[in-house]
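Asker: Quick one: structure below, then a few questions.
The values are calculated or read from the model by the stated rules, or taken from the named source; none is laboratory data. Remember, it's a predicted structure, so these values are computed and weren't measured experimentally. In this analysis, Cβ positions are derived from the backbone assuming ideal geometry, glycine residues included, and neighbour counts consider all displayed protein chains.
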Amino acid sequence: MLPELGHFALILAMLLAALQAFFGILGPQFGRERWMAAVTPAVAGQFVMVVTAIGCLMASFINLDFSVKYVAQNANSALPMVYRIAAVWGAHEGSLLLWIFLLGCWTVAVSVGVLRLPKRFGARVLGVLGFVSFAFLLFTLATSNPFLRLEPAAPDGQDLNPLLQDPALAIHPPLLYTGYVGFAVAFAFAGAAMLEGKMDQTWARWTRPWTTSAWAFLGMGIALGSWWAYYELGWGGYWFWDPVENASFMPWLAGTALIHSLAVTDKRGLFKSWTLLLAILAFSLSLLGTFLVRSGVTVSVHSFAADPTRGVFILAFLLIIIGGALTLYAWRAPLLKSQAGFEFTSRESFLLFNNILLVIALAVVFGGTMAPLIADALKMPTLSVGTPYFNPSFATPMVPLLALVALGIMSSWKRGRLSEHQRTLLVTLGVAIVLALAVSFGIWGGSRVLTPVGFTLAFWIVLTSLIDPIDRWRRKLTISRGVLGMTVAHIGLAVLVIGITAVESFTNERDIALAPGQKAEQGDYQIHFVNLTPAEGPNYNAVRGQFVVSRDGKPLMTLNPEKRQYWVQRSVQTEAGIGTDRGTNILIALGEDLGAGKWSVRVQLRPLVNWVWIAAFIMALGGGIAASDRRYRTARSEAADEAGVVAGNAALAKGKSG
Amino acid sequence: MMKTRFIVPLIVFVALAGVLFIAVKRAPDKHFIASVLIGKPAPEFKLPSLTNPGSNVTSTALQGKPYVLNVWGTWCPMCRVEHQALMQIQQLEQVPLIGLNWRDDDALALDWLAQLGNPYEQVAIDKQGRLAIDLGVYGAPETFLIDAKGIIVHKHVGPLDMEIWKRDFEPKINAAPAAGPT
């Protein structure tokens with residue numbers, strides 16, 4: 001019964017989404033008050049239906065109802081309870097349902113948030129979100145229904161992909177999708193502004209907290225995925241420029257550009273059409289991410305989810321949503337004019353450069369990800385792009401971007417009086433250089449060319465970020481959450497740069513042949529392979545190695561890497577043993593049984609690699625703090641920010657009363 | 001002039017959508033490309049050997065017994081995933097594995113084999129990707145089963161695992177003529 005109920009709820013959700021889109025978009029267009037009034041009930045109804053649907057699917061997993069095809073394909077009676085729940089999004093159909101559910105959550109939050117905004121505008125935002133939701137529901141029902149029955153029911157299921165049976169990967173998709181879907185909100189605000197034909201500083205203020213929250217979730221999702229790849233796949237790295245990783249990274253880059261461009265639109269009323277374009281771009285890339293992962297056009301780690309037959313549908317979907325938005329943009333954006341100007345070394349121009357560099361970096365990733373596809377489509381020789389392309393091409397725009405962070409923080413809006421801060425900038429830069437050299441040579445006693453550069457830029461960002469907050473704190477002035485969030489996020493960026501620089505410069509990895517009882521030396525560490533014992537998990541058999549890691553003869557930790565054989569899917573998984581000492585991440589993974597009692601053992605020493613993931617969470621925290629600024633909670637500004645565009649405000653205020 | 005600027009994103013998007021459309025249309029082909037080549041002779045090749053510098057790996061020398069040609073590169077993350085399975089397959093000693101190191105750096109490739117183990121009997125270097133094009137390789141890893149007469153019997157796109165090996169390759173190896181003396 002439950003699957004049928006879920007299926008039915010999904011159909012009702014689609015109809016309600018259609019109503020939400022219809023009333024939300026056309027109501028304001030024709031000035032129909034009652035149409036607009038119907039939007040919020042449609043949102044609520046749709047959400048109830050979507051929750052019912054995902055609840056039914058979850059219940060089918062918990063009860064292990066193998067008469068449901070999707071359950072039979074992704075669960076097994078030996079699967080632990082936690083993973084039965086995570087199995088809901090373990091494959092394509094359920095992932096889509098998760099996406100729809102999260103879009104529902106965002107929409108409900110937005111429907112509360114827009115209560116303070118002009119009614120027409122709010123209806124339009126919800127209308128656009130309804131349209132996106134409708135398209136996803138239609139796609140799910142037409143091509144990827146998770147509630148299909150299996151006739152006759154399977155006696156037992158095929159189990160969840162063992163790669164996904166991991167705590168980090170159980171929560172990675174929900175976080176990542178929360179970010180992806182969050183950009184739908186920025187997209188909807190952009191859509192509403194274009195339908196309105198007006199956009200001003202207040203618009204940017206409304207949009208900012210939503211965008212920043214989505215960006216923060218996406219960042220955490222990416223970091224969790226990277227962490228998972230590090231210890232679960234054991235390839236020895238935190239980033240592989242894999243098409244699916246890139247697919248999640250591109251919207252993040254676009255979102256980062258959007259956050260900064262929104263700041264300019266908010267404070268100065270500039271970059272309006274550019275901000276709109278970035279909002280469309282960020283969401284388009286989120287959709288493209290889904291497309292790349294789900295359509296089977298790329299071969300990747302995640303290709304277990306691929307199905308080429310769905311590709312055409314997704315493409316049609318992209319054409320309507322993105323094509324529609326860009327058509328609207330081509331028609332409406334020319335109407336948006338910015339009156340204000342700015343000087344060359346003002347904050348506006350630094351943020352402009354920030355956007356240019358971020359878009360270049362985005363283009364680099366996009367080009368590398370799409371090149372094999374484009375070459376294939378044009379029947380050119382097959383092209384493969386890997387780290388040798390990505391690392392240098394990505395670093396090229398990133399190094400100047402990092403230098404700009406420090407300059408941008410010290411600059412002021414509108415006026416280019418950077419010379420006032422010349423001394424501070426030079427002093428902080430000098431201190432950063434000294435610190436960087438001290439760290440490179442003092443701690444690690446060696447360096448690659450870019451090592452001190454990376455450290456210098458990171459320290460410079462930290463120092464310049466701290467100057468203003470410390471100054472305000474000493475003068476007992478309040479620090480707004482917006483400024484605090486920005487500072488935290490920039491420090492997070494610096495932590496990321498330090499982490500990446502250290503890992504890329506000082507990693508020490510090798511494979512050694514070891515038999516139980518033998519010892520090996522690597523870097524500062526002695527590794528003692530104590531023994532190898534059989535182990536058994538709920539749905540797998542394993543061999544577990546015991547390794548004692550010591551430094552200067554003192555035992556530090558015991559690591560237990562495993563090699564697991566999952567019963568149902570017959571696949572072998574490596575579980576690395578991981579520990580940390582003095583910031584260095586020590587990873588031991590069991591390789592092959594070399595015979596004669598020997599095993600190939602991979603030992604990796606990666607200094608500060610943990611910082612890479614911690615940094616992502618610091619940045620997300622910064623985003624969270626900034627998004628909670630009181631400034632965003634008031635509908636209209638009390639005082640107009642400097643000389644900006646005021647006409648639009650008046651027009652929107654009129655919209656509210658009319 | 002002012003207005004055309006705002007149409008550019010739309011034009012770029014439509015062009016890109018066109019490319020994606022072709023890619024999607026061709027995506028299913030990838031899995032059936034095999035049908036074009038299966039039953040046909042494998043292209044002849046003579047390529048430098050990675051592991052024995054100075055010597056060559058040639059299709060003529062390989063003829064006479066079935067072999068598996070595995071296309072890989074150190075730049076390909078899925079090849080690393082596949083590597084474990086290749087090591088296991090090699091231990092079964094059912095058929096020799098011939099590596100085709102595709103568009104790669106020799107030093108990196110040798111390093112890879114030293115670190116992860118070498119499952120291959122021979123490794124040919126295809127720096128320009130000529131043979132890969134003749135074989136219709138879409139992306140690494142790809143694996144071909146070639147019988148004693150040099151005919152392509154099976155092709156697999158994407159990483160191999162033991163399950164795929166047992167299901168798709170073993171029956172065909174056992175069925176292949178002239179499997180060698182046992």
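Asker: I'd like to know if region B:81-101 contains one or more residues that are in contact with a helix residue (DSSP H, G or I) (Cβ under 8 Å, 6 or more places away or on another chain), assigned to a helix (DSSP H, G or I) and either of a type in the set (S, T, N, Q) or on the phi > 0 side of the Ramachandran plot (or both).
Answerer: yes
Asker: Residue under question is A:W239, and the condition is that it be among the aromatic types (F, W, Y), away from every other protein chain (no Cβ under 14 Å) and either closer than 20 Å to A:L281 by Cβ or surrounded by fewer than 24 Cβ atoms within 10 Å (Cβ to Cβ) (or both); does it hold?
Answerer: On the way: among the aromatic types (F, W, Y): yes; away from every other protein chain (no Cβ under 14 Å): no; either closer than 20 Å to A:L281 by Cβ or surrounded by fewer than 24 Cβ atoms within 10 Å (Cβ to Cβ) (or both): yes.
No.
Asker: Identify, by number, the condition in (1) without any contact (Cβ under 8 Å) to a residue 24 or more places away in the chain; (2) within 10 Å of the chain's Cα centre (by Cα) that B:E142 doesn't meet.
Answerer: B:E142 satisfies every listed condition except (1).
Asker: Here is a follow-up. crowded, with 20+ Cβ neighbours inside 10 Å, at pLDDT below 95 and over 17 Å from A:A192 (Cβ atoms): does that describe A:P28? Please lay out each step first, then the result.
Answerer: Values: crowded, with 20+ Cβ neighbours inside 10 Å: yes; at pLDDT below 95: yes; over 17 Å from A:A192 (Cβ atoms): no.
Against the criterion (crowded, with 20+ Cβ neighbours inside 10 Å, at pLDDT below 95 and over 17 Å from A:A192 (Cβ atoms)), A:P28 does not qualify.
Asker: With respect to the numbered conditions (1) more than 13 Å from chain A (Cβ to nearest Cβ); (2) surrounded by fewer than 22 Cβ atoms within 10 Å (Cβ to Cβ); (3) assigned to a strand (DSSP E or B), which one is the sole condition not fulfilled by B:H156?
Answerer: Every condition holds for B:H156 apart from (1).
Asker: Something else: Quick check: is even one residue across region B:115-133 out of contact with any strand residue (DSSP E or B) (no Cβ under 9 Å at 6 or more places or on another chain) and either buried (at least 17 other Cβ atoms within 10 Å of the Cβ) or more than 10 Å from chain A (Cβ to nearest Cβ) (or both)?
Answerer: no
Asker: Quick one: would you say A:L163 is at pLDDT below 90 and part of a helix (DSSP H, G or I)?
Answerer: Here the answer is yes, as A:L163 does meet what is asked.
Asker: Please state which one of A:L328, A:L351, A:L362, A:L270 is away from every other protein chain (no Cβ under 14 Å) and at pLDDT 90 or above.
Answerer: A:L351 is the lone residue from the list that is away from every other protein chain (no Cβ under 14 Å) and at pLDDT 90 or above.
Asker: Can you tell me which residue in region A:168-184 is farthest from A:Q29 (Cα to Cα), limited to those that are under 15 Å from the mean Cα position of the chain (by Cα) and hydrophobic (A, V, I, L, M, F, W, C)?
Answerer: In this case the residue turns out to be A:A168.
Asker: Can you say whether B:K172 is more than 19 Å from B:V81 (Cα to Cα) and in a loop (DSSP other than H, G, I, E, B), as far as the supplied structure shows?
Answerer: no
Asker: Does A:I409 satisfy the condition of being under 30 Å from A:D471 (Cβ atoms), of a type in the set (V, I, T) and either within 14 Å of chain B (Cβ to nearest Cβ) or surrounded by 19 or more Cβ atoms within 10 Å (Cβ to Cβ) (or both)?
Answerer: Criteria met by A:I409.
Asker: Tell me whether region A:221-231 contains one or more residues that are more than 18 Å from the chain's Cα centre (by Cα), on the phi < 0 side of the Ramachandran plot and in a helix (DSSP H, G or I).
Answerer: Residues of region A:221-231 that are more than 18 Å from the chain's Cα centre (by Cα), as a first pass: A:231.
Adding the requirement that they be on the phi < 0 side of the Ramachandran plot leaves A:231.
Checking the rest, the ones that are also in a helix (DSSP H, G or I) come to A:231.
Scanning region A:221-231 turns up at least one residue that is more than 18 Å from the chain's Cα centre (by Cα), on the phi < 0 side of the Ramachandran plot and in a helix (DSSP H, G or I).
Asker: Could you tell me which residue of region B:32-64 is nearest to B:D147 (Cα to Cα), considering only residues that are at pLDDT 85 or above and assigned to a helix (DSSP H, G or I)?
Answerer: B:L62
Asker: Go through region A:467-564 and tell me which strands (runs of 3 or more DSSP E), entirely inside it, have 3 or more residues that are polar (S, T, N, Q).
Answerer: Counting at least 3 such residues, we get A:525-536, A:540-551.
Asker: Which one of the conditions (1) within 15 Å of B:D161 (Cα to Cα); (2) at pLDDT below 85; (3) more than 15 Å from the chain's Cα centre (by Cα) does B:D105 fail to meet, given that it meets all the rest?
Answerer: Result: B:D105 fails condition (1) only.
Asker: Here's another thing I want to ask about it. Against the condition modelled with pLDDT of 80 or more, surrounded by fewer than 18 Cβ atoms within 10 Å (Cβ to Cβ) and within 30 Å of A:I512 (Cα to Cα), how does B:E142 come out, does it pass?
Answerer: On the way: modelled with pLDDT of 80 or more: yes; surrounded by fewer than 18 Cβ atoms within 10 Å (Cβ to Cβ): no; within 30 Å of A:I512 (Cα to Cα): yes.
For B:E142, the condition - modelled with pLDDT of 80 or more, surrounded by fewer than 18 Cβ atoms within 10 Å (Cβ to Cβ) and within 30 Å of A:I512 (Cα to Cα) - is not met.
Asker: Identify all residues within region B:159-169 that are more than 14 Å from chain A (Cβ to nearest Cβ) and either of a type outside the set (F, W, Y) or in contact with an Asp or Glu (Cβ under 6 Å, 6 or more places away or on another chain) (or both); write none if there are none.
Answerer: Across region B:159-169, the qualifying residue is only B:D168.
Asker: Suppose we filter region B:63-73 for residues that are within 10 Å of another protein chain (Cβ to nearest Cβ) and surrounded by fewer than 21 Cβ atoms within 10 Å (Cβ to Cβ); how many remain?
Answerer: Residues of region B:63-73 that are within 10 Å of another protein chain (Cβ to nearest Cβ), as a first pass: B:73.
In the following step, the residues that additionally are surrounded by fewer than 21 Cβ atoms within 10 Å (Cβ to Cβ) were identified as none.
The qualifying residues number 0.
Asker: Could I ask something else about it? Report, by residue number, each residue of region A:565-586 that is over 18 Å from B:H83 (Cα atoms) and part of a strand (DSSP E or B).
Answerer: A:Y566, A:G577, A:I578, A:G579, A:T580, A:D581, A:T584, A:N585, A:I586
Asker: In region A:310-325, what count of residues is obtained for those that are within 7 Å of chain B (Cβ to nearest Cβ) and either at pLDDT below 90 or surrounded by fewer than 15 Cβ atoms within 10 Å (Cβ to Cβ) (or both)?
Answerer: 5
Asker: Give me a count of the residues in region A:346-374 that are without any contact (Cβ under 8 Å) to a residue 40 or more places away in the chain and surrounded by fewer than 20 Cβ atoms within 10 Å (Cβ to Cβ).
Answerer: Selection size over region A:346-374: 6.
Asker: Out of the residues in region B:134-153 meeting the condition of being within 12 Å of chain A (Cβ to nearest Cβ) and small (G, A, S), tell me which one is nearest to B:Q88 (Cα to Cα).
Answerer: Taking region B:134-153 first, the residues within 12 Å of chain A (Cβ to nearest Cβ) are B:134-142.
Now drop any that are not small (G, A, S), which leaves B:136, B:139-140.
On the way: B:G136: 26, B:G139: 22, B:A140: 19 Å.
The residue in question is B:A140.
Asker: Out of A:G55, A:G45, A:G94, A:G104, I need the residue that is modelled with pLDDT of 95 or more, buried (at least 22 other Cβ atoms within 10 Å of the Cβ) and either basic (K, R) or in a helix (DSSP H, G or I) (or both). Which one?
Answerer: After applying the criteria, what remains is A:G104.
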